[in-house]
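Okay, structure first, notes after.
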Amino acid sequence: MGLYEATWGRAFAATYDRGLKATEEAGLGQMRAELLAGAAGGTIELGAGTGVNLDLYPEAVSELALVEPGPHMAKRLRARVAASSREAQIIEAPAERLPFESAGFDTAVTTLVLCTVPDPVAAVAELSRVLRPGGKLLFIEHVRAEDAGGAAWQDRLELPWRFFADGCHCNRDTLATLAASSFEIGEVERGRTPKAPPIVRPLIRGSARLKI
């Protein structure tokens with residue numbers, strides 16, 4: 001474990017839920033619930049963090065695998081799963097190297113995570129590998145601003161924000177990454193992350209299907 005992970009990474013995980021509380025209550029929590037209502041069958045969540053989504057999964061989810069590479073986040077995730085009636089398998093692994101056989105899941109979920117993975121192209125490719133043909137990806141991600149001014153500020157502040165926010169790249173064009181992948185994008189709604197700093201307000205939520 002490096003110095004950053006042992007110090008600020010630990011503190012970030014400890015304060016994550018409190019830091020997002022106002023945002024969740026102002027609408028993000030409702031967005032999560034609406035999105036996850038579409039999950040079904042064997043489901044994998046990438047970057048599950050502290051387990052904010054855990055109790056939002058519907059009964060249609062028959063099996064739930066929660067992937068979280070950060071040791072401090074994973075510790076809190078294990079505690080939340082232990083206290084929940086929702087059974088889930090917790091896997092500490094990087095998004096770019098998932099320890100699962102190909103075509104084993106029906107649904108994949110990412111919520112505010114593709115901004116943080118070191119290689120988002122590889123992470124999306126891994127999700128396409130572990131999903132069955134026609135499998136569904138559900139996502140909520142904050143993304144690069146559409147307006148030039150907002151994008152310029154994201155570029156200027158990307159480095160300090162990445163340090164502060166435990167690896168979050170605020171200027172990533174995640175929708176373009178998905179569009180260039182093996183997924184066929186369905187409906188995508190653009191919106192705003194409520195009660196969030198301007199550089200992470202631009203938001204997309206929607207779904208995509210793995211091409212057959």
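To the nearest 20 debye, what is the magnitude of the charge dipole of the chain about its Cα centre, counting +1 on the Cβ of each Lys and Arg and -1 on the Cβ of each Asp and Glu?
I would put it at about 340 debye.
Just to be sure I understand: of the beta bridges DSSP finds with both ends in the chain, what percent are antiparallel, rounded to 5?
45 percent
List the residues whose amide H sits under 5 Å from the amide H of Ala103, counting only those 5 or more places along or on another chain, with H placed 1.01 Å from N in the peptide plane.
The answer is Val130, Leu131.
Length gain on complete extension for the stretch Asp55 to Arg209, per 0.36 nm per residue less the alpha carbon to alpha carbon distance?
53.0 nm is the gain from fully extending Asp55 to Arg209.
Treating each Cα of segment 139-212 as an identical point scatterer and ignoring solvent, apply the Debye formula and state log10 I(q)/I(0) at q = 0.18, 0.28 Å⁻¹.
Cα-only, vacuum Debye calculation for segment 139-212: -0.72, -1.28.
How big, on average over all directions, is the shadow cast by the Cα convex hull of the chain, in nm²?
Averaging across all directions leaves 10.9 nm² for the Cα convex hull.
Roughly what % of Cα-Cα distances in segment 64-130 sit above 17 Å, to the whole percent?
When all Cα pairs of segment 64-130 are counted, 43 percent exceed 17 Å.
Please work out the Cα convex hull volume for segment 1-90 and give it in Å³ per residue.
That works out to 90 Å³ per residue.
For the chain, set up a GNM with springs between Cα atoms under 10 Å and report which of Glu34, Glu68, Glu126 has the largest fluctuation.
Checking each option, the largest mean-square fluctuation is seen for Glu34.
Each value in this text was obtained by applying a stated rule to the coordinates, not by laboratory testing. What you see is a predicted model, and the numbers here were worked out from it, not measured in a lab. Using ideal geometry, Cβ is built from the backbone for each residue, glycine included, and neighbour counts are taken over all protein chains shown.
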